[in-house]
Amino acid sequence: MAQPRTYTSDVMTDAVRQVEAARAAGRRGPISAVARELNLDRRLLQSWVTNARANAAAAAPPPTASSTHTGVDLVLLPDGLLHCRFCQHPMTAVFTWAGLVYDCPPPCRRPVLNATAVASAVGLVVLRHAAHLVPALTHPKAASIAAGHAHRLITRITAGTHPSDLRITWPTTRPPRPVPPGHLHLARNLATTDPQRARTVLRNVLTGIDPTTTATEIAYAEAAHLLAPLLPGEAAIRWADYAHRGLTHLHGPTHPHTLTAAHTLATAHRQAGHHQRAYHLLRELAERLAATAGSDAHPTLAVRATTALVLHDLGHHHAAHTLLTDTIDRHHRAHPGHPATARMTKHLDHLRQRHTTDRDSRPRAAVNPPAPVVQA
């Protein structure tokens, strides 16, 4: 029997849902696979998926961790706990046509993971090993509730290709070694005057610590944060990531120490040439600073200025110029006479010169540049 030339909205919606479910399950080529199963033209199904995503993005704002999903309170994993097995970076919850999923920033192209399924799988682990950590509240100790307490039991979760493909890293069972008194204070004072000696002191503090598996202690996190700027390349990233994860776990994502560690991590990625990753970290940091310190606070505007420089490194010269110009104007009005305004202006002049002498010499990277700062 010949297929009809027109399709009802129910047919299109159901087909799109099957595509998103296949993608969340980690199937390869979900559009092609569903098109074959439903005997549809692949290009037609692709257009339905594209239109559905555009409509969903325009109509539905991203829900928060406490929003209601199918009548059940969805509890997301604590920030910084879930990492991608392929790119090793933290995964974040984003809203798509299929609902909340965990995804990685570009250029990682791993399949997304259904956030509800991941929370349920992690919650079952928590209930199996430490159910006493989970308050009963008004209903049984559901896995979705237990997932919110995962950071109290688990050091790191590494995600594979599907929601149940999770590698759990448990805290070390040996007691933490005491840090010699005064070592962190000494290293902090030596960081600018004698970096070689500071590195030696900090490496002694961190001897035997594996930044990918060792449970976080405050002294280790602070030592790693001090050590990262003194190291090159991947070593700096490894310790900066450990410090950021540890301080996020110990203090929360918006604590001043955590935000400083996030800036250190972004700087390490930028110096290693990972401009795409640095851009996403700086953009997230600017949003958190705006929420905690204010959109006109000097730290917020300083991070936006650095974000503009990274945008220029990525080849987005016009977006970088616009963002930095708006940031300078806002900083001048909010902090008259502050020396940072002059430094930002020098950066802007340098960007203009680079753009003139090396116009469009670098390939553009696919990012979503932030909207220019709106002047009050």
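The values are calculated or read from the model by the stated rules, or taken from the named source; none is laboratory data. All figures in this text were calculated on a predicted structure; none of them were measured in a lab. Backbone-built Cβ (ideal geometry, glycine too); neighbour counts: all protein chains shown. Remember, those area values only see protein heavy atoms, side chains included, never the ligands or the DNA or RNA. Shrake-Rupley method; radii C 1.70, N 1.55, O 1.52, S 1.80 Å.
Taking helices (runs of 4 or more DSSP H) as the structural unit, those lying wholly within the stretch 267-376 and holding at least 1 residues that are within 27 Å of CYS104 (Cβ to Cβ), modelled with pLDDT of 90 or more and hydroxyl-bearing (Ser, Thr, Tyr) correspond to 275-292, 298-313. Filtered by the rule that a residue be at pLDDT below 75 and open to solvent by 20 Å² or more (accessible area, probe 1.4 Å), the stretch 68-95 gives THR68, HIS69, THR70, GLY71, VAL72, ASP73, VAL75.
Can you spot a residue in the stretch 98-110 that is touching a helix residue (DSSP H, G or I) at 6+ places or on another chain (Cβ under 6 Å), at pLDDT below 80 and farther than 27 Å from ASP241 by Cβ? For the stretch 98-110, residues touching a helix residue (DSSP H, G or I) at 6+ places or on another chain (Cβ under 6 Å), at pLDDT below 80 and farther than 27 Å from ASP241 by Cβ: present.
Remark: THR248 falls outside the filter, which requires a residue to be assigned to a loop (DSSP other than H, G, I, E, B) and of a type in the set (Ser, Thr, Tyr).
Residues of the stretch 162-179 that are at pLDDT 85 or above and surrounded by fewer than 20 Cβ atoms within 10 Å (Cβ to Cβ): HIS162, ASP165, LEU166, ARG167, ILE168, THR169. Restricting attention to the stretch 231-240, the residues that are assigned to a helix (DSSP H, G or I) and either open to solvent by less than 10 Å² (accessible area, probe 1.4 Å) or closer than 19 Å to ALA187 by Cβ (or both) total 5.
In the stretch 256-268 there is at least one residue that is within 13 Å of ALA236 (Cβ to Cβ) and among the β-branched types (Val, Ile, Thr).
Restricted to the stretch 245-269, and to residues there that are open to solvent by 10 Å² or more (accessible area, probe 1.4 Å) and among the hydroxyl-bearing types (Ser, Thr, Tyr), the residue that is nearest to PRO78 (Cα to Cα) is THR248. Filtering THR307, THR322 for residues that are in contact (Cβ under 8 Å) with a residue 24 or more places away in the chain and surrounded by fewer than 23 Cβ atoms within 10 Å (Cβ to Cβ) leaves a single hit, THR322. List, please: which pairs have Cβ atoms under 7 Å, are six or more places apart or on different chains, and start with a residue in the stretch 250-276 that is within 11 Å of HIS225 (Cβ to Cβ) and end with one that is assigned to a helix (DSSP H, G or I) and open to solvent by 70 Å² or more (accessible area, probe 1.4 Å)? Cβ pairs passing all conditions: HIS257/HIS251; THR258/HIS251; THR264/PRO229. Checked against the criterion of being assigned to a helix (DSSP H, G or I), without any contact (Cβ under 8 Å) to a residue 12 or more places away in the chain and within 20 Å of the chain's Cα centre (by Cα), the stretch 192-212 contains not a single residue that satisfies it.
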